[in-house]
Amino acid sequence: MKINIIKSLLLPALLLFTLASCDENFLTEEPTTFVNPDTFLKDKKSAETFLVGAYDAIQNIVSSGANGQDGVAIHWGTVGTDEIVLPGWAGDRKLMFLHQVTPTNVTVGRIWVNLYEAVNVTNSVVDRIGAMTADLIEEEDKNRMIAEARFLRSTLYFALVSAWENVPLVKNEVISLENLDVPQSSPSEVYDFIISDLQFAEANLAAEQGQGRATKGAAQALLAKVYLQMTGFPLNQQDKATLAVEKLEAVMSSNVYDLLPVYAEVFDLDHEQSVEMVYSIGMDGPGLGEGGLLSTFYGPNGSVNNGGGWGTCYINQEFEASYDRNDLRLKNNIAKHNQNDDVFVDGNNPVSWRGWKHHAEKPNNYPNDTPFDNPYIRYADVLLMYAEAKNLQNDLTQGILDQTVNRLRARARAIPSAVPDMVLGSQEMMADSILSERRRELCLEGWRRNDLIRFGKYEPIIKAVNQGGWSTAGNPGPNYENFEVRWPIPNAQLVLNPSLKQNEGY
């Protein structure tokens, strides 16, 4: 039994390496099963196909997932925050919302396993393509593929260290069932490893919009996001703001990315890999095993047979109230109607409010298998991070606000008098305003919990969540304890790996 569990957890790339086709042009390899990399990796083309497996490994894990996989962005980044509210019948997600997660939580345990399976796949790509000799592949091609895999690996470890803080750092492919007792590394060690991966990616990838592929700009933007996260709990390394500014300015001056003029188009199926997407995880569906949950988990009311819309969550009342009434983002992100016939259900009843950020033609057959790509970093996020980093340096000006936050507000205006420009104030005031703007702009994209932790606002925000008693799940505030700023190490992993120690408080 133990051997079977460990194989599932740590050895997905040893004998089985599944390459699935995706909706982006570069991921066009036919699905290949039971690939032995020892005999498969013979030239550039086979290495490219092998690399597809790394993209597939993160496709359904980092954001949202088909085939029963659980997305970190949904469960860590959104469910345990103040963007949505969970009903009493929502199972493990309700417990996450209420801050009643225990080490035996099945979903948390499954996410841990999924992430480490994906880590081993990316490790396999890095190690095995890295071992290819000059007679098999040119050095430039090899370094580019390794850089892509290392970028993907950095997204996985960023999710792991964000959610659990104290995690094992597995740097190479596991090819044996021996010596699997890997101790936890400190957050600093994990962040250093993430940074080294991203620096290699930055040095070896092209400056372009990658159409779902890792690029120099994606590595720079994620480096900036990582540096900013390091300014907050648990590291509190405020000096990292300077490094974040440097990387964000590189992205902004590259002339590769920009905002789309219409906010709603950012999230529709016709603009999935647009100039605004610094990196977006390719998905496809329905019925291909490549779809996600974005438009159904958050989706508004509607018949499953006529278009899905049966998400297990509602919109937080206070979040809805934070929008200007003529903010186009409010109308795009929050639905108060039936998805399939545009019937206005009850705009004043929060029980009817659902996410509406990713929606398509009606009716459709997308339940739990939607084709929407998962935004990971948008150019809008780059602009907001730049304002945040400059504020941390106490170097924020009205001009920078106009170039960043106020560009987003201008796009959001339904009428000229709506969504007034942000005006420079004290450093503390600006921090609060930028944090609020991040929620209005980036809601349901999976970054809210990291944002709240980084800004030092997680505890007061969670304790203040009050949905007026309508949510059958209740409110999280009475349950929250400081140690819940991180998830518990799953009990099953403590049994399998005696070197692991449970996070304090659990």
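The values are calculated or read from the model by the stated rules, or taken from the named source; none is laboratory data. As the structure is a computational prediction, the values presented were derived from the model and not from experiment. Here the Cβ positions follow ideal geometry from the backbone for every residue, glycine too, while neighbour counts run over all protein chains shown. Surface accessibility is based on the protein's heavy atoms, side chains included, excluding ligands, DNA and RNA. Shrake-Rupley method; radii C 1.70, N 1.55, O 1.52, S 1.80 Å.
Looking at the structure I just gave you, is Ala414 over 29 Å from Gly477 (Cα atoms) and surrounded by fewer than 22 Cβ atoms within 10 Å (Cβ to Cβ)? For Ala414, the condition - over 29 Å from Gly477 (Cα atoms) and surrounded by fewer than 22 Cβ atoms within 10 Å (Cβ to Cβ) - is met. Scanning segment 163-177 for residues that are among the small types (Gly, Ala, Ser) and open to solvent by less than 20 Å² (accessible area, probe 1.4 Å) turns up just one, Ala163. Within segment 433-460, being in contact with a Leu (Cβ under 7 Å, 6 or more places away or on another chain), open to solvent by 20 Å² or more (accessible area, probe 1.4 Å) and assigned to a helix (DSSP H, G or I) holds for one residue alone: Arg454.
Among the residues making up segment 121-148, a single one is small (Gly, Ala, Ser), open to solvent by 30 Å² or more (accessible area, probe 1.4 Å) and over 18 Å from Val174 (Cβ atoms): Ala134.
Here's the yes/no breakdown for (1) open to solvent by less than 30 Å² (accessible area, probe 1.4 Å); (2) among the hydroxyl-bearing types (Ser, Thr, Tyr); (3) modelled with pLDDT of 95 or more; (4) over 19 Å from the mean Cα position of the chain (by Cα):
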position: Ala203; (1), (2), (3), (4): no, no, yes, yes
position: Glu208; (1), (2), (3), (4): no, no, yes, yes
position: Gly212; (1), (2), (3), (4): yes, no, no, no
position: Leu228; (1), (2), (3), (4): yes, no, yes, no
position: Leu235; (1), (2), (3), (4): no, no, yes, yes
position: Gln238; (1), (2), (3), (4): no, no, yes, yes
position: Leu243; (1), (2), (3), (4): no, no, yes, yes
position: Glu246; (1), (2), (3), (4): no, no, yes, yes
position: Glu249; (1), (2), (3), (4): no, no, yes, yes
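For segment 461-483, the tally of residues that are open to solvent by 10 Å² or more (accessible area, probe 1.4 Å) and touching a His at 6+ places or on another chain (Cβ under 6 Å) stands at 2. Could you grab me the full set of residues in segment 92-120 that are crowded, with 19+ Cβ neighbours inside 10 Å and of a type in the set (Ser, Thr, Tyr)? Across segment 92-120, the qualifying residue is only Tyr116.
A quick yes/no check of all residues on (1) among the β-branched types (Val, Ile, Thr); (2) closer than 15 Å to His99 by Cβ; (3) touching a residue at least 24 places away in the same chain (Cβ under 8 Å):
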{"site": "Glu428", "(1), (2), (3)": "no, no, no"}
{"site": "Glu445", "(1), (2), (3)": "no, no, yes"}
{"site": "Tyr458", "(1), (2), (3)": "no, yes, yes"}
{"site": "Ile461", "(1), (2), (3)": "yes, yes, yes"}
{"site": "Gln467", "(1), (2), (3)": "no, yes, yes"}
{"site": "Arg486", "(1), (2), (3)": "no, yes, yes"}
{"site": "Gly505", "(1), (2), (3)": "no, yes, yes"}
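Candidates are the residues of segment 491-506 that are under 27 Å from the mean Cα position of the chain (by Cα) and open to solvent by 70 Å² or more (accessible area, probe 1.4 Å); the one that is farthest from Pro183 (Cα to Cα) is Glu504.
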